[in-house]
Amino acid sequence: MRNRISLKFIATLALVFAFATFAFADEKKKTKKTTGTLKITTEQGSYPVYVDGQFIGNSSPNEAVMDVQTGTRTVEVRFPNGKSFTKSYPFTTTQPVCICFKKITRSINTPCPHLVQVGAPDVVTDGDLVTFTSNVDVAPNPKNSTPAMVNYNDFLNIPRLTTRLRDQRDPVAQCVRARFSSRIISLLEKDFTHSGSTTFTANDFANAQLLALKLRAGNEPLTKFLKNSLSSSTRKMLSGYDGSSALSSELLTALATDFNNIISGGSIYATDRFVGIVLSGESKEMLNRTLNASEVRTLNRMLLEDAFPTEIKRMGGNDADNLELGNALADEFNLLIKGPSLRNESCFSGVQMSEITKKASGQSFNRLLLEDAFAGEIVKIGTAYGQSNTPVRYKWTVVPSNARIVGPSDRDSIIVDTTGLGNQLVSATVTIDDGREDNLCRQNNMASTKVKPIPPPIPPRRFVEFPSVAFDDDKANFDAYAIELQNNPTWKGYVIIYKGTKSNQAKFDKLSARTIDYIIKTRGIPADRIVVLNGGTRDSDYFELWTVPEGATPPTPNMK
């Protein structure tokens, strides 16, 4: 009896299980898949995956499987260092989307620029022009790479180069000429008369906008000297120029006139004034000998060309008449490049070699050494050493957004106008490559400069005020006033004279004349340090004597 009940119970359970299984299978047939499938493998690790901006899980080296709503969806995989992969795919219920990332190792067989450094001053003042400069080193040169040969267009100024080689004024010129063929020697001895005029014209400014901004800022010793040497009317026009447009013809003419006056004076050269400026070989040679007045003017012009190579055109330049000589010079220089190493030649011992030249060897060394030896006469090939004649390309960006690059932004340096950027940090980033569009050859670096706000204006100081009763009493105050100005030689003196209600204009003129005569002639204060103002009328004749430190706001009549 007991066994019969057990068998019945087991049979009942079996029927129930069979029914449940049938019911579940039937329900499964009725449910259709409504999502697509994403299968993603990232060989190097596990990274977050986003679909339409929403995180859905992490990838896996062993394939991660994820459900994605059907339709066109944007898949993003976020990798370290800010890099990501983003692409849109159509997702269906029938076909999975498979994404697989594998690490691919590539190598570059030709050298590319590296170790770019960016330099800039630590601090400037609002309104200053700040220069950011890059310095590019490069990978070692392959043994069989060919350096760039010299051609006619590589000569910056054939007349100047010709003069240097013909006159053999320095050891380098003597050494190079000694290796020339008889053909080039005969060409050098011809009477080439394209030395160019030293006189500046408005057309001699290749980049007048940049030159004007540098002069306006006067941040460097040379630009400060030149700015102070300009006429007051030219300085006034410069102070109102912001670089946003071309210079007016009036300002261009004024600059040319002032530059002609500057080079017509004594030598503008001073060691501290030209620190950091690369001088041409001819400029160096002229600095080492006694010059007449005409030669001093020529030297001054060349020094300015050296200091502003992109802003001022060189005298003479190249023209069609120089083509025969230029091509012949190129042939001779290329023979030097292809010949034995010039490294141990004593005549080049005084040449200041660049760091790139020091690292070079063979023909590359010869080319770079000649560039260093003839700076200002042979163009720098612009190919950082070892780049198989491929030029380095520069791209600059600056922040904040209202920092403005003045002039070109595709050179090895840029100038940034800091006007309105007080209390901010100006950063410039340079990206360089060698033109091959290869990310492995793209390098970048940055530098920052703190911009100080313009200090608040310094108020003038009322030294003394008094009614004019007797001239002897006036002189006692003038004596103390003169001593104060003598003790502070950068200050100016402002004398405000008020005439009494019973005084006429003649009385004001008398007070003014004897005041100027006493302070300037008797007390010896320079005339350019004294300013006399008509204050108007008061109850009686009255004086206000003001001292105005450098940068202070001048006083006005009836100032409290």
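No lab work stands behind these numbers, since they all come straight from the coordinates. Computed from a prediction, not measured in an experiment: that's the story for all the values here. FYI the Cβ positions are ideal-geometry reconstructions off the backbone, even for glycines, and counts take in every protein chain you see.
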Next item on the list: Could you go through segment 464-471 in sequence order and give the Karplus-derived ³J(HN,Hα) for each residue, using 6.51 cos²θ - 1.76 cosθ + 1.60 with θ = phi - 60°, rounded to whole Hz, and x for Gly and Pro?
Entry: 7, 9, 6, x, 8, 9, 9, 5
Check: Taking the Cα centre of segment 461-548 as origin and charging only Cβ (+1 Lys, Arg; -1 Asp, Glu), how large is the dipole, in debye to the nearest 20?
Finding: 200
Note to self: Quick check on my link table: of LYS450/LYS492; LYS39/LYS87; LYS395/LYS452; LYS475/LYS521; LYS214/LYS492, which ones sit more than 21 Å apart, alpha carbon to alpha carbon?
What the structure shows: LYS450/LYS492; LYS395/LYS452; LYS214/LYS492
Check: Considering amide H positions built from the backbone, and no H for Pro or chain starts, which residues 5 or more places from ALA375, or on another chain, come under 5 Å of its amide H?
Finding: GLY281
Notebook entry, point to check: Tell me, SER294, SER361 in order of fewest to most beta-carbon neighbours within 10 Å?
Noted result: SER294, SER361
Next item on the list: Report, in whole Å, the centroid distance computed from the Cα atoms of segment 494-544 and segment 227-270.
Entry: 35
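May I ask you to give the average projected area over all directions of the convex hull of the Cα atoms of segment 197-315, in nm² rounded to one decimal?
Projected over every direction and averaged, the Cα hull of segment 197-315 covers 6.9 nm².
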Checklist line | Taking only Cα atoms of segment 451-535, radius of gyration then Dmax in Å | finding: 14.8, 55
Checklist line | C-alpha center-to-center spacing [segment 303-373, segment 198-220] in angstrom | finding: 26
Next item on the list: Take each of the peptides 350-357, 368-375, 250-257, average the number of other beta-carbon atoms within 10 Å over its residues, and list them starting from the highest.
Entry: 368-375, 250-257, 350-357
Item checked: Loop-located trypsin sites (Lys or Arg not before Pro) in segment 391-420 whose Cβ has at most 15 other Cβ within 10 Å (DSSP) -> ARG411
Next item on the list: Taking the Cα atoms of segment 35-101, report the difference between the largest and smallest coordinate on each principal axis, in whole Å and largest first.
Entry: 33, 23, 15
